[in-house]
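Input: a single structure, listed below in structure tokens.
The values are calculated or read from the model by the stated rules, or taken from the named source; none is laboratory data. What you are looking at is a predicted structure, and each value in this text was computed from that prediction instead of being measured. We place every Cβ from the backbone using ideal geometry, glycine too, and count neighbours over all the protein chains shown.
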Amino acid sequence: MPAWIHVPRATGRLRAADLGLVINTADPYSVQVGRFYAEARRLSREQVLELALPVRPSLSEAEFGVLSEAIHGRFGAAGQGPVQALALAWREPYAVGCHALTGALALGLDDALCRHSCAPSRPSPYFNSASAQPASDHGLRPSMLLAAPDVEAAIALVRRGVAADATLGRRGAPPVVAHLAVTDDRARSARLRLYPPSGLLRRAGVRVRAGVQRPPAPDDRVLLYQTGAVRVEGLEQVRFVPGALADHLTSFGGWLAGGRGQMSALAWIKAGATASYGTVSEPCNHPQKFPHPQVLLLHYLQGCTAIEAYWKSVAWPQQGLFIGEPLAAPFAARP
């Protein structure tokens, strides 16, 4: 029988002052989106790093080293400065060999993993953590790409994230739906056993629909959508609320350039989700390499930001790419 798990009580959440923003000056998308984001979240000049990077899907190890050193030079090593998390204002690069760029920045590179990408990868000390200061408490800076199909879509993404703050889980707020789907593909339905019971979480105003095969109803206000489908038909008809999270358990959802025969995580952002996740190399169907449905939802309901909820939900994130607006927090307390 499905049952709810326990997650620790969050000690707070990340704020705009905790975030560092990285802009690639060689990429017009990055410059426009990064500057818009800095203004939208009122980031100071000290919180912004500008540098030139190749604009292509994957960095070499040497190029990744340049990026890492620049981040450390600007913000200090993880735990040595005020910056606890990073927003990367671009669509590419998003990989370093078999590693997702976001996973590599937090947990480093692992040659053995790239020789056997289906093997277990380094565990994240941030998984299911109560911490609101990941760099200080765990020596790990989570990051998220401000990735969207184009500049216009990225600006819409940022606006959704800002608009989401403190809008849900309060008296009078319309109910929302957590849609946890199952398909006939047993391998890609590996998260089914992690789904919670279906039903209404009255205090949060969230109706959980777990193990369903049908799509969300047209009038559903969707907060969370998880599936194992290689492609999701009718995605443009889903009514995502600002701050919605959505992802699919497939091999190459994080390969944003497409061409791998599977839907990219960018499709969720295009459809109106505010954050998503996907792997950039063959992970096999280890549930630890994908967002844990209950950990993701329960941390988000406590008022955590999108970057915190997503990062806390993945036990082995080295191959995983996190994209979206990091600071969206629809269940945060009102100021």
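Computed values, structure above
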quantity: Every residue from segment 163-177 that is in contact with a Ser or Thr (Cβ under 7 Å, 6 or more places away or on another chain) and at pLDDT 95 or above; calculated: ALA164
quantity: Leading residue by the ranking (surrounded by the fewest Cβ atoms within 10 Å (Cβ to Cβ)) among those in segment 220-253 that are among the polar types (S, T, N, Q) and closer than 22 Å to ALA187 by Cα; calculated: SER251
quantity: Residues (in a helix (DSSP H, G or I) and among the aromatic types (Phe, Trp, Tyr)) located in segment 293-329; calculated: TYR300, TYR310, TRP311
quantity: Options ALA190, ALA166, ALA173, ALA229; residue that is in contact (Cβ under 8 Å) with a residue 24 or more places away in the chain, in a loop (DSSP other than H, G, I, E, B), of a type in the set (A, V, I, L, M, F, W, C) and farther than 24 Å from CYS304 by Cα; calculated: ALA229
quantity: Failed condition for ALA273, given (1) farther than 23 Å from LEU140 by Cα; (2) touching a Ser or Thr at 6+ places or on another chain (Cβ under 9 Å); calculated: (2)
quantity: Scope segment 267-292; condition in contact with a strand residue (DSSP E or B) (Cβ under 9 Å, 6 or more places away or on another chain) and surrounded by fewer than 23 Cβ atoms within 10 Å (Cβ to Cβ); matching residues; calculated: ALA267, ALA271, GLY272, SER281
quantity: Single residue of ALA273, ALA246 found to be assigned to a loop (DSSP other than H, G, I, E, B), within 19 Å of ASP165 (Cβ to Cβ) and not hydroxyl-bearing (Ser, Thr, Tyr); calculated: ALA273
quantity: Per-region count, segment 95-128, residues assigned to a loop (DSSP other than H, G, I, E, B) and either of a type in the set (Val, Ile, Thr) or more than 16 Å from the chain's Cα centre (by Cα) (or both); calculated: 14
quantity: Qualifying residue in segment 175-184 (condition: under 21 Å from PRO330 (Cβ atoms) and out of contact with any strand residue (DSSP E or B) (no Cβ under 9 Å at 6 or more places or on another chain)); calculated: no
quantity: Options SER30, SER44, SER60: the member that is free of Cβ contacts under 8 Å to residues at least 40 places away in the same chain, among the polar types (S, T, N, Q) and within 30 Å of ALA332 (Cα to Cα); calculated: SER44
quantity: Any chance VAL83 is buried (at least 19 other Cβ atoms within 10 Å of the Cβ), over 25 Å from GLU152 (Cβ atoms), modelled with pLDDT of 95 or more and of a type in the set (Val, Ile, Thr); calculated: yes
quantity: Residue count, segment 134-163 (criterion: more than 17 Å from GLY243 (Cβ to Cβ), assigned to a helix (DSSP H, G or I) and touching a strand residue (DSSP E or B) at 6+ places or on another chain (Cβ under 9 Å)); calculated: 2
quantity: Selection count where residues are under 21 Å from SER136 (Cα atoms) and not basic (Lys, Arg), scope segment 68-100; calculated: 20
quantity: Top-ranked residue of segment 201-216 - restricted to ones that are of a type in the set (Val, Ile, Thr) and modelled with pLDDT of 95 or more, ranked as nearest to VAL176 (Cα to Cα); calculated: VAL206
